[in-house]
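Following: one structure in structure tokens, then a few remarks.
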Amino acid sequence: MNQKNNKFKIILGITLILAIIICSFIVENCNNNKKYTDVNLDSSKLNIFYFNVGQADCTLVTINNKNLLIDAGNKSDGEYIVEFLKEKKLNNIDYFIITHGDMDHRGGAEIILNNYNVGQIFMPEGINEAEDDYQDLKKIANKNNKQLSKVEINDKFDLDKAEFEILSVKNNTSNSANESSIVIKLNYLETSYLFMGDATQDIEKEIKCEKIDILKVGHHGSDSSTSTEFLNRIKPTYAIISAGDNKKYNHRTKDVLQRLKYANIQEDNILITKNQGTIWITSDGINIEIQTKKDINLDGTGQIGQMSIYDICSFFNAIEYIRLAS
Ligand SMILES: [Zn+2]
């Protein structure tokens, strides 16, 4: 009997010691809960992150703590976007542009609006096809004491020393949600960047734009966007495609990749989030540097079912919060 008791005590002791070691490890990691330690933002430069959010869109533009977020990925990407922004101490979103109502652009907006200080929120208004999306987001914005606003072509906004301009948007039309997309041109000194949303080739014909440095390719590289005529007019040096694995849409077509190459864009300058991960641009307004970051993966659909250290830490932080509050 005594032997049995001793055995039980030893097992209990070992279990307790292991539990203490595991808890210490978790708490230690929660205190250093940083995933992106090698991303050192030089806020004196323009930084653009074309995030890897799978088959969706989300781009962050930041300069001197002024921030523009273009789209919010799918719903499951939202928490990872918030996590990145918080870790990088980007505490305000000055402008939040939802290019159009499709879920792969607005899905993560709810969690962002619930967690973040957002200045102005823009989205096309009165599009039949996207009316439900618009009303849903309007409710979420209103719940957070925010308004959805519309923009018009030629509207311009300052972002510290950079500025951005609206080149296309369709409000109150029967056009499709994709055709309603807000198209944005960002200028920073001698450099320029075009963000197409899911705008189609018909919209490209209407857009007034000449030479740009970086094209965020329309509609995830789908054949319905990025005509040869358009490429010959805007002559991008780099082309970035945000696309994931989703075969359902057959988006990134060979034809578009061919058109980009025929438009004299070097093969190395065509970057796809599915292959390269998040694409991080820095610029002093004259030179452009490009880094590809596979470790910045904000694609929630690729992370479902995996409990991250972030989730565990949130649990421990919540306990700590309750302890301090009580
Ligand atoms: Zn899309």
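If I filter the range 274-291 down to residues being of a type in the set (D, E, K, R) and within 20 Å of the chain's Cα centre (by Cα), which single residue comes out as farthest from residue 244 (Cα to Cα)?
In the first step, residues of the range 274-291 are kept if they are of a type in the set (D, E, K, R); the result is 274, 284, 289.
After this cut, where a residue has to be within 20 Å of the chain's Cα centre (by Cα) as well, the list is 274, 289.
Details: 274: 5, 289: 24 Å.
Taking the candidates together, the pick is 289.
Might you check whether a residue that is out of contact with any helix residue (DSSP H, G or I) (no Cβ under 9 Å at 6 or more places or on another chain), among the aliphatic types (A, V, I, L, M) and at pLDDT 95 or above occurs anywhere in the range 190-204?
For the range 190-204, residues out of contact with any helix residue (DSSP H, G or I) (no Cβ under 9 Å at 6 or more places or on another chain), among the aliphatic types (A, V, I, L, M) and at pLDDT 95 or above: absent.
Out of 142, 114, 154, I need the residue that is part of a loop (DSSP other than H, G, I, E, B) and surrounded by fewer than 19 Cβ atoms within 10 Å (Cβ to Cβ). Which one?
After ruling out the rest, the residue left standing is 154.
Search the range 219-247 for residues that are under 13 Å from residue 273 (Cα atoms) and without any contact (Cβ under 8 Å) to a residue 60 or more places away in the chain and pair each with any residue that is in a loop (DSSP other than H, G, I, E, B) and open to solvent by 10 Å² or more (accessible area, probe 1.4 Å) when their beta-carbon atoms are under 9 Å apart and the residues are at least 6 apart or on different chains.
221/251; 221/252; 221/253; 239/263; 241/251; 241/252
Taking the condition of being open to solvent by less than 10 Å² (accessible area, probe 1.4 Å) and within 12 Å of the ligand (Cβ to nearest atom), how many residues in the range 224-243 meet it?
Count: 4.
Can you name every residue in the range 168-223 that is within 16 Å of the ligand (Cβ to nearest atom), open to solvent by 10 Å² or more (accessible area, probe 1.4 Å) and assigned to a loop (DSSP other than H, G, I, E, B)?
169, 170, 175, 176, 178, 179, 200, 222, 223
Out of all the residues in the range 130-139, which are open to solvent by 40 Å² or more (accessible area, probe 1.4 Å) and under 17 Å from residue 175 (Cα atoms)?
Those that are open to solvent by 40 Å² or more (accessible area, probe 1.4 Å) and under 17 Å from residue 175 (Cα atoms): 131, 132.
How about the range 37-107: which strands (runs of 3 or more DSSP E) wholly inside it have at least 1 residues that are under 20 Å from residue 221 (Cβ atoms) and open to solvent by less than 10 Å² (accessible area, probe 1.4 Å)?
Output list reads 46-50, 59-63, 66-70.
Being farther than 20 Å from residue 220 by Cα and at pLDDT 95 or above is the filter here, so list the residues in the range 119-144 that pass it.
Matches in the range 119-144: 119, 120, 121, 122.
From (1) in contact (Cβ under 8 Å) with a residue 60 or more places away in the chain; (2) open to solvent by less than 10 Å² (accessible area, probe 1.4 Å); (3) within 16 Å of the ligand (Cβ to nearest atom), pick out the condition that doesn't hold for residue 127.
For residue 127, the exception is condition (1).
For the range 47-62: of the residues being away from the ligand (no atom under 12 Å from the Cβ) and touching a Ser or Thr at 6+ places or on another chain (Cβ under 7 Å), which is farthest from residue 89 (Cα to Cα)?
52
The values are calculated or read from the model by the stated rules, or taken from the named source; none is laboratory data. Values in this document were obtained by computation on a predicted structure and should not be read as measured data. FYI the Cβ positions are ideal-geometry reconstructions off the backbone, even for glycines, and counts take in every protein chain you see. Protein only, heavy atoms only, side chains kept; ligands, DNA and RNA dropped before computing areas. Shrake-Rupley method; radii C 1.70, N 1.55, O 1.52, S 1.80 Å.
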